[in-house]
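K.L.:
Sharing a structure here in structure tokens format.
The values are calculated or read from the model by the stated rules, or taken from the named source; none is laboratory data. Bear in mind that the values here come from a model prediction, so they are computed numbers and not experimental data. Reconstructed Cβ throughout: ideal geometry from the backbone, glycine too, with neighbour counts over all protein chains shown.
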Amino acid sequence: MQLVKNVSKLQHTLLARLLIGGTTLAVSLGAYFSYQAVRNVMLESLKKNAFLEVQQGGDNIDRWLANLKVHIETLAQTTPVKSMRWSTVEPYLKAEVLRFGDIYALALAKPDGQREVTGGTPAQISDRAFFQKAIAGQTNVSDPLISRAANIPTIAVATPVRQTFDTTSKPLGEMHSLVRLDRISQVVDTVKYGDHSYAFALDSQGNVIAHPNPAFIPTPANPSFNLVQTADQHLASIAQRLAKRQQGIELLPLDGTQKYIAYLPLKEADWSIALVIPRENIEAQLRSLDIIAFVVAGLATTMLAVLWRVQTLEQKQLKKANERLEHHVTERTATLSATLEQLQRSQLQLIQSEKMSALGGLVAGVAHEINNPVNFIYGNVTHANEYVQDLFKLLRLYQKHHPQPHMEVSLCADAIDVEFLTEDLPKILTSMRMGADRIRQIVLSLRNFSRLDQAEIKPVDIHEGIDSTLLILQHRLKESRHRAGVQVLKDYGDLPLIECYAGQLNQVFMNIFSNALDALKDREKHYDEAALEQSRSQIHITTQRYGTDHVRVRIADNGLGMPQAVQQRIFDPFFTTKPVGKGTGMGMSISYQIICEKHRGLIWCESTPDKGTTFWLEIPIQQNVQLNHANAEAA
């Protein structure tokens, strides 16, 4: 009987050990998979931050290339260049080369391709692709080439030279600036993400434009180095993606170690840029989580070892201990996930705030710098017009009293075509006045949009903010060769001045209008031309007073609309329907905080698939009154 009791006791003890060991193993596996899930979420967030850095670097390069384009387009519209006489143009261009440090030469070519260049000898360039595009009317940035003027690796920024501002007129010739390839490398080298990271750029064929490895850089002896054809399969696959203007971030073996490569295409040239980031630069922030997981794994292993040696542990106590441990792990996992989500939200909000602040400062600075010379031009055009009329009056008197002038005077009059001059010069002055007035309007809109002088709550005209934001987006609204323009309908009510944070409110308008334009762009892809001609893309803006102390703003588009599932999450942080790299999912979430928390207002969305989307904004007229109501309710 005692033996039976001992066997029974032994069996119960063994069963208790198996149950305890199985429970501990299940909890450990659950903790492991939870750790993997949290680690993957954190890693994706860190990769997104790295990709944002590459996007910012790409934007910097695009701005630099855009400045080169603006510079060459501005020179091409000057009077000396339009004369197409090299003896007249050369001194002017040499001065520009000294003034603009990014270029080493400027050149002017006739339609037949015969080129003159500062500091070089004439050459025939009709076979150059950049020349052919410029003669066809397109300002462009060339792929790397070996300069015939200096026999060094170079890029050319080319533009057509026209007699007038009419972009449909036949060019008089072509003008281009030459930039050393090592200058491109200097710009690309500014893109970094931690120690030992480096960037490189490729053209549309996969040829190297800029790379920290001198062996990859084009030389006169080796004009191109194509990474698509390199023996390194991983590097070649990335080069193929860049050549196809794709974007993304991947972990690949490179230079003997695992590295992240983030890549995306540029906008101002048919190039792409890639940033090679050592793996530890991104994953270093995961070490604390890995250490915690290692410690937890060690503790679990120790617990299992102890369990196998425990002879008299009661099943009920172990079960309760396991339940407490499982509850603790679940609670810690939930806390860690919530903390991670809050950290991601704070990071993206900070990035967005810094971007808008930098944009406001840049816009206000540009508007201030442009305003003074434009006012000078605008004021003097009127006086110039009066002086010209006086000279014409004097000329008519001479013609009246001296109808038969001296032969030399007659020849000069015929040479300059006096009749055409008297007819065309007032038109030119009128065009200059209209152009200066247009620039003044744009400058005023830029200043209204930035609102750096209204960082605190102040009474503002909400219509000015809407109009200024629309003017900033004018390039996306107007008609182009590839798409019809967007019609903006305004139904403004009689509104008083609104107490608000003007700059932040403009940010809300910018987010809503940008989303509307994206929806209208998708609509144009979805419908054929006949359907689009019957129903033009539209944005309808309505403002009205609501009650005695609020105003309402309605912004509607006739895009493709949104399904109910998307509408329910439109204001959630990190939610976006755009492809990776196109949106952060924070625009409408920040807009919700600006309207509801900053201004104590309301914002909501109504959308019908294939009909369009409408955003409603309701804002108090006076913020201090709204605050007093809230305090009274709280009391």
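K.L.:
Please verify whether LEU29 is closer than 30 Å to SER337 by Cα, touching a Leu at 6+ places or on another chain (Cβ under 8 Å) and either at pLDDT below 85 or outside the structural domain of ASP166 (by TED's automatic domain parsing) (or both), treating the condition exactly as stated.
P.N.:
no
K.L.:
If a residue must be part of a strand (DSSP E or B) and farther than 19 Å from GLY120 by Cβ, how many such residues does region 132-158 contain? Give the steps one after another, and end with the answer.
P.N.:
First, the residues of region 132-158 that are part of a strand (DSSP E or B): 140-141, 145-146, 153-158.
From the residues that got through so far, the ones that are farther than 19 Å from GLY120 by Cβ too are 140-141.
Of the residues in that region, 2 qualify.
K.L.:
Going through region 232-261 one residue at a time, which ones are more than 28 Å from the chain's Cα centre (by Cα), at negative phi and part of a loop (DSSP other than H, G, I, E, B)? Before you say what the answer is, go through the steps one by one.
P.N.:
Residues of region 232-261 more than 28 Å from the chain's Cα centre (by Cα): 232-234, 253-258.
So of that shortlist, the ones also at negative phi come out as 232-234, 253-254, 257-258.
Once the filter is applied, which keeps residues that are more than 28 Å from the chain's Cα centre (by Cα), at negative phi and part of a loop (DSSP other than H, G, I, E, B), region 232-261 yields only ASP232.
K.L.:
Here's something else I'd like to know. Whether any residue in region 510-525 is assigned to a helix (DSSP H, G or I) and free of Cβ contacts under 8 Å to residues at least 12 places away in the same chain is what I want to check. Even if it seems obvious, please write down each step before you answer.
P.N.:
Initially, region 510-525 is screened for residues assigned to a helix (DSSP H, G or I), giving 510-525.
Keeping just the survivors that are free of Cβ contacts under 8 Å to residues at least 12 places away in the same chain gives 525.
Checked against the condition, which is being assigned to a helix (DSSP H, G or I) and free of Cβ contacts under 8 Å to residues at least 12 places away in the same chain, region 510-525 yields at least one hit.
K.L.:
Let me ask something else. Could you list all residues from region 142-194 that are hydrophobic (A, V, I, L, M, F, W, C), farther than 30 Å from ILE428 by Cα and buried (at least 18 other Cβ atoms within 10 Å of the Cβ)? Spell out the reasoning first.
P.N.:
Looking only at region 142-194, we keep the residues that are hydrophobic (A, V, I, L, M, F, W, C), and these are 145-146, 149-150, 152, 155-158, 161, 165, 172, 175, 178-179, 181, 184, 187-188, 191.
Applying the additional criterion that residues be farther than 30 Å from ILE428 by Cα yields 145-146, 149-150, 152, 155-156, 178-179, 181, 184, 187-188, 191.
If the condition is that a residue be hydrophobic (A, V, I, L, M, F, W, C), farther than 30 Å from ILE428 by Cα and buried (at least 18 other Cβ atoms within 10 Å of the Cβ), then LEU145, ALA149, ILE155, ALA156, LEU178, VAL179, LEU181, ILE184, VAL187, VAL188, VAL191 are the ones that fit.
K.L.:
I'd like to know if region 125-137 contains one or more residues that are β-branched (Val, Ile, Thr) and without any contact (Cβ under 8 Å) to a residue 60 or more places away in the chain.
P.N.:
Yes, the conditions are met somewhere in region 125-137.
K.L.:
Sticking with this structure for a sec: Given the criteria within 28 Å of ILE249 (Cβ to Cβ), β-branched (Val, Ile, Thr) and under 25 Å from the mean Cα position of the chain (by Cα), does ILE555 qualify?
P.N.:
No; evaluated as a whole, the condition is false for this residue.
K.L.:
Of everything in region 270-315, what is touching a helix residue (DSSP H, G or I) at 6+ places or on another chain (Cβ under 7 Å), small (Gly, Ala, Ser) and either part of a helix (DSSP H, G or I) or modelled with pLDDT under 90 (or both)? Give them in sequence order.
P.N.:
Listed by number, the residues that qualify are ALA293, ALA300.
K.L.:
What is the residue count in region 373-414 for residues that are loosely packed, with under 10 Cβ neighbours inside 10 Å and under 38 Å from the mean Cα position of the chain (by Cα)?
P.N.:
0
K.L.:
Tally time: how many residues in region 205-218 are closer than 11 Å to PRO144 by Cβ and in a loop (DSSP other than H, G, I, E, B)? Write out each step before concluding.
P.N.:
Our first condition is that a residue be closer than 11 Å to PRO144 by Cβ; within region 205-218, this holds for 205, 207-210, 217-218.
Retained after the next criterion (residues that are in a loop (DSSP other than H, G, I, E, B)): 205, 217-218.
Count: 3.
K.L.:
Within region 105-122, can one find any residue that is in a helix (DSSP H, G or I) and under 19 Å from THR154 (Cα atoms)?
P.N.:
Here is the first cut: in region 105-122, the residues in a helix (DSSP H, G or I) are none.
No: zero hits.
K.L.:
Taking ASP494, is it in a loop (DSSP other than H, G, I, E, B) and within 21 Å of ARG552 (Cα to Cα)? Please lay out each step first, then the result.
P.N.:
Details: in a loop (DSSP other than H, G, I, E, B): yes; within 21 Å of ARG552 (Cα to Cα): yes.
It is true that ASP494 is in a loop (DSSP other than H, G, I, E, B) and within 21 Å of ARG552 (Cα to Cα).
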